[in-house]
Each structure stands twice: as structure tokens, then as C-alpha cells.
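*Asks:* Could you have a look at this structure, given as C-alpha cells, before my questions?
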Amino acid sequence: MNNKFRIPKATAKRLPLYYRYLLLLNDEGKDKVSSTELAEAVQVDSASIRRDFSYFGALGKRGYGYDVKNLLSFFKKILNQDTLTNVALVGVGNLGHALLNYNFKRSNNIRISCAFDINPEITGKITQGVPVYSMDEMKQQIADQQIRIAILTVPQATAQKTADEMIEAGIKGIMNFTPIRLSAPNGVRIQNVDLATELQTLIYFLDSDEMIKKQLEERKKAMNNTNK
């Protein structure tokens, strides 16, 4: 992402959502879109969208909205959609295989170009079009392919040691699918993806919604009994 604009982390996470929806609008032949329409589509309130866009200057016109093609072109540049980013996958277990199968097929600017594992049964082979190397070759391959970003899907017990080796090899950004929080030196970014935590959060909110609904129904029932 272009570092010319200093924006909050929450805003940065929403930019790909805006971009994907703008692609759909452009494919449908839409010329303009309002912040309200965007809000309904991406499930972000319109005030947040206007604030997000304000970090980049005047992207729209009051009373008109946003020009789809201009906005799409702008975010395409901001998100470096014209530049292919090669990513390494470290750990080719069940989740690793799923990621290789997915391999960002809906994205034109990201691909897993190499993978690494300790299992001799899969190293030295090509899986889903991606060569799988032994961990011994990681440093050389990352340097040769000029890779800065890697996905980590190794067992928890080896996560920190593997991350240290990745950083030593030149990795500057790690998407961490392991349940532990990695430590890293300044200049290295860690993005944690904890599926269990996300599911637990979803379950919590669903249970809370059910509890609130039940409380409202009981309160309504009590009021009806009182009025009889």
C-alpha cells in the first residue's frame, strides 16, 4: 500500500472492501455511488466511509457522490493493484494445503509463489502449481525471489523459531495463522489471524443477541399480563 498517506489501521483494513465493491459497480456500468450506497453494500456506516475517504483529500462532490471510475482508479493505485506481490507459505499442513488451493485466485496482484515444509514427502514437488521447498532452502529462495511477505501455518510449538528464521531470511511481514503471538524486531509487521478467537467472538455475539431477544419477549409478556 502506498505510504504517502498516513491513515489509521482500521481505515487501511477497509480499503480492500471498498475496492472490491467498486469493481462490481464498474462491471455493472454504474457511473456514481453515494456513501450511503457504499455503507449498505460493505456494512460500514456512511460517516466512517466519508471519514476514511477524507484522509485522501476530496474524492467526491457534495450532492453528487463519488465517480466510480475515478474512485476505482485511485484505490487501484493506492492498493498497488498493478503490482504483483509474491508471497511465501511456510508450513504445508492441512491449512497450508487449503491456502495453496485458494492461492488468491480472485486477486490479480497477490500469489503464493513458493512454499516451505519439513516433510520430505512433499518437498521437492509442485503442489497446486507452487513449488514446495525444504526449510533448508528458505533463506536462498526468499532472497532469489525477493519475497517480503510470508504466511505462517506451522505447529504452535515451532512458530516463534520458524518466524525468527523467516525474519532472518528477509521477511518483513508475516500473516500468522498460529494461535501464539509472535515477537518480532522493529520493522517487521505481524498480522494475526486467529480463527478460533473469531469464531468464539461470533458465538458470543449470537448468544448475546438470543439473550436480548429472550429478555425482550419476557418483558413484553410480563407487560401484557399486567395490562389484563
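The values are calculated or read from the model by the stated rules, or taken from the named source; none is laboratory data. Please read these numbers as outputs of a predicted model, since none were measured by experiment. Cβ atoms come from the backbone with ideal geometry, glycine included; neighbour counts cover every protein chain shown. Just the protein is used for accessible areas: all its heavy atoms, side chains included, with ligands, DNA and RNA removed. Shrake-Rupley method; radii C 1.70, N 1.55, O 1.52, S 1.80 Å.
*Asks:* If you take the residues in the stretch 1-29 that are open to solvent by 100 Å² or more (accessible area, probe 1.4 Å) and part of a loop (DSSP other than H, G, I, E, B), which one is modelled with the highest pLDDT?
*Replies:* Once the filter is applied, the top-ranked residue is GLU28.
*Asks:* Can I ask one more? Inspect all residues belonging to the stretch 82-93 and state whether any of them is at pLDDT below 85 and under 22 Å from ASN176 (Cα atoms). Break it down stepwise before answering.
*Replies:* Keep residues of the stretch 82-93 that are at pLDDT below 85, which gives 82-85.
Right, trim to under 22 Å from ASN176 (Cα atoms) and you get 84-85.
Yes, some residue in the stretch 82-93 is at pLDDT below 85 and under 22 Å from ASN176 (Cα atoms).
*Asks:* When you check THR153 against the structure, is it surrounded by 15 or more Cβ atoms within 10 Å (Cβ to Cβ) and in contact with an Asp or Glu (Cβ under 7 Å, 6 or more places away or on another chain), yes or no? Even if it seems obvious, please write down each step before you answer.
*Replies:* Values: surrounded by 15 or more Cβ atoms within 10 Å (Cβ to Cβ): yes; in contact with an Asp or Glu (Cβ under 7 Å, 6 or more places away or on another chain): no.
Judged against the criteria, THR153 is not a match.
*Asks:* Within the bounds of the stretch 126-148, is there any residue that is open to solvent by less than 40 Å² (accessible area, probe 1.4 Å), more than 20 Å from LEU95 (Cα to Cα) and among the small types (Gly, Ala, Ser)?
*Replies:* No, because not a single residue in the stretch 126-148 is open to solvent by less than 40 Å² (accessible area, probe 1.4 Å), more than 20 Å from LEU95 (Cα to Cα) and among the small types (Gly, Ala, Ser).
Here's the yes/no breakdown for (1) at pLDDT 90 or above; (2) closer than 20 Å to VAL87 by Cα; (3) within 24 Å of the chain's Cα centre (by Cα):
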| site | (1), (2), (3) |
| --- | --- |
| VAL132 | yes, yes, yes |
| ASN186 | yes, no, yes |
| ALA196 | no, no, yes |
| PHE205 | no, no, yes |
| THR226 | no, no, no |
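*Asks:* Separate question: Are any residues in the stretch 99-117 loosely packed, with under 13 Cβ neighbours inside 10 Å, outside any loop (DSSP other than H, G, I, E, B) and either under 16 Å from the mean Cα position of the chain (by Cα) or outside the structural domain of MET166 (by the TED database) (or both), and if so, which ones? Show your work before the answer.
*Replies:* Of the stretch 99-117, the ones loosely packed, with under 13 Cβ neighbours inside 10 Å are 101-102, 105-106, 108.
Filter again for outside any loop (DSSP other than H, G, I, E, B), leaving 101-102.
Selection gives TYR102 alone.
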